[in-house]
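Here's the structure, in structure tokens; my notes come after.
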Amino acid sequence: MEHPFLDLNLGEFSWCLHCERVHKTASWQAKDWECPACGAGALDVRPWEEVRGLVEGYPERPEEGKYYLQYPGESAQAAGA
Ligand SMILES: [Zn+2]
């Protein structure tokens, strides 16, 4: 699915940069491109595939409404370095 104004090809799932939760892209579209969970705007939508590429172990099909942090365990890594 195409983003309404950014040059982004969104897949079946989209991730919210604001609340870091995942919803179906169709749910974003149904809300006129507001996050179904927190109401953030279309600028905060990211393709799930992009987030998945950043974090090892994230599934191909995420659970809707679940939190998927962009930097899980960041503080632990910093402490262990
Ligand atoms: Zn959100």
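Bear in mind these aren't lab numbers, they're just calculated from the coordinates by the rules spelled out. Note that the structure is a prediction, hence the values are computed from the model and not measured. Virtual Cβ from ideal backbone geometry, glycine too; neighbours counted across all protein chains shown.
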Quiz item: Tell me, what is the percent relative contact order of the chain, built from C-alpha pairs under 8 Å that lie six or more residues apart?
Solution: 30
Quiz prompt | Student exercise, region 13-72 dipole from Lys, Arg, Asp, Glu Cβ charges, in Debye to nearest 20 | solution = 100
Exercise. Starting with the highest mean, order 13-23, 58-68, 29-39 by the number of other Cβ atoms within 10 Å, averaged over the residues of each peptide.
Key: 13-23, 29-39, 58-68
Exercise. Could you tell me which of rounded, prolate or oblate describes the chain, using a ≥ b ≥ c as the square roots of the eigenvalues of the alpha-carbon gyration tensor, with rounded for a/c under 1.5 and, failing that, prolate when a/b is larger than b/c and oblate otherwise?
Key: prolate
Quiz item: Which cross-chain or sequence-distant (5 or more) residues have an amide H under 5 Å from the amide H of Phe13, H modelled 1.01 Å from N in plane?
Solution: Thr25, Trp48
Quiz item: How much length is gained on full extension from Ala26 to Leu8, taking 0.36 nm per residue of separation minus their Cα-Cα distance?
Solution: 5.0 nm
Quiz prompt | Rounded FRET efficiency, nearest 0.05, which uses the C-beta distance separating Glu64 from Cys38 and R0 of 22 Å | solution = 0.95
